[in-house]
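A quick write-up on the structure given underneath.
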Amino acid sequence: MSRHSWLFAAVAATVGLLVAACGAAGGAKPGNSVGTGGANPGSSASAKPNAGALSSEAVATIRKARSVHVSGTGTQGSQQVAVDVILTTSGGLAGKLTIGSHSVKLLITPRHTYIDMTRSIFTWQKIPLSACAVMCGKWLAAPHSTLKSLAGDVGWKTLVAAWAGLLAHNLVAYGGRATISGQPAVKLSVVGGAAYVAAHGPPYLLRIQAGPSQFTFSDWNTAALPPPLPASKVVTQSQLTGG
């Protein structure tokens, strides 16, 4: 594996983590008693929503969305993984992935993947530090096909399919009420974990929790990718391998 390939593998690992968190086995089943996880004690049986109908509405809302901010932590094997990214339906991704003690900032467009080159990356991958004088502070560009060959279709379609599938293809049970990032939410218990959706307005997904993995969703339809990188801030793989 070349020195830059770990960056794309890191993306693949994080996507795998998200999908695993959505489809984890085990947990509460509909019809059983489930914990309310911060439920509002003032809620009454008459105010209990229809979990199946709410789940279906949440799925439809997710599928109509254009962008979202995702942040959270979990595990990939024995390593801790953290993600803090913006995703768009056009195939964009922007933000930071952390694998163990190492972090990388990415910008993914429909055609290219850009990796923020930092001194820590040079040290970690044992790239000659002499090249850092030229490349540090710039973004390494690689064809999007390079990422796809390692991680598959990384982006909105893959991840939204996983989130929506959690609700669309699993039986759900009302798990109480909670507050997620200051926003009233309804907890839907599913096999393997729980999904929290907005209690008021469109039922956007606010959080998914499965075992130690927890991901929070915010800024639906308002999250936006940063502007295009100026040419002066972009370098190529040939410059890296030749450095």
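The values are calculated or read from the model by the stated rules, or taken from the named source; none is laboratory data. Since the model is a prediction, treat every value here as computed from it, not as a measurement. A quick note on method: Cβ atoms are made from the backbone with ideal geometry, for glycine too, and the neighbour counts reach across all protein chains shown.
Being over 30 Å from Lys157 (Cα atoms) and of a type in the set (A, V, I, L, M) is the filter; apply it to the range 32-86 and report the residue that is modelled with the lowest pLDDT.
Among them, the one singled out is Val34.
Pairs only if they're at least six apart or on different chains, beta carbon under 9 angstrom, first in the range 121-141 and under 24 Å from Pro226 (Cβ atoms) and touching a residue at least 24 places away in the same chain (Cβ under 8 Å), second outside any strand (DSSP E or B) and small (Gly, Ala, Ser); list them, first residue then second.
Here the result reads Val134/Gly243; Met135/Gly243; Lys138/Ser232, each pair linking the range 121-141 to a residue that is outside any strand (DSSP E or B) and small (Gly, Ala, Ser).
Is the range 101-120 home to any residue that is of a type outside the set (Val, Ile, Thr), at pLDDT below 85 and at positive phi?
Checked the range 101-120: no residue is of a type outside the set (Val, Ile, Thr), at pLDDT below 85 and at positive phi.
Give the range 170-188 a look and list any residue that's farther than 17 Å from Ser56 by Cβ and touching a helix residue (DSSP H, G or I) at 6+ places or on another chain (Cβ under 9 Å), or say none.
Arg177
Residue by residue through the range 93-141, note down the ones that are in contact with a Ser or Thr (Cβ under 6 Å, 6 or more places away or on another chain), buried (at least 18 other Cβ atoms within 10 Å of the Cβ) and under 26 Å from Gln80 (Cα atoms).
Within the range 93-141, just Leu97 meets the criteria.
Out of Val104, Val134, I need the residue that is over 12 Å from Val235 (Cα atoms) and either of a type in the set (A, V, I, L, M, F, W, C) or under 24 Å from the mean Cα position of the chain (by Cα) (or both). Which one?
Exactly one residue qualifies, and that residue is Val104.
Which strands (runs of 3 or more DSSP E) sit wholly inside the range 159-243 and have at least 2 residues that are aliphatic (A, V, I, L, M) and at pLDDT 90 or above?
Here the list reads 172-180, 183-190, 193-198, 205-210.
Would you check if Pro227 is over 14 Å from Asp84 (Cα atoms), surrounded by fewer than 22 Cβ atoms within 10 Å (Cβ to Cβ) and in contact with a Ser or Thr (Cβ under 6 Å, 6 or more places away or on another chain)? Even if it seems obvious, please write down each step before you answer.
Details: over 14 Å from Asp84 (Cα atoms): yes; surrounded by fewer than 22 Cβ atoms within 10 Å (Cβ to Cβ): yes; in contact with a Ser or Thr (Cβ under 6 Å, 6 or more places away or on another chain): no.
Criteria not met by Pro227.
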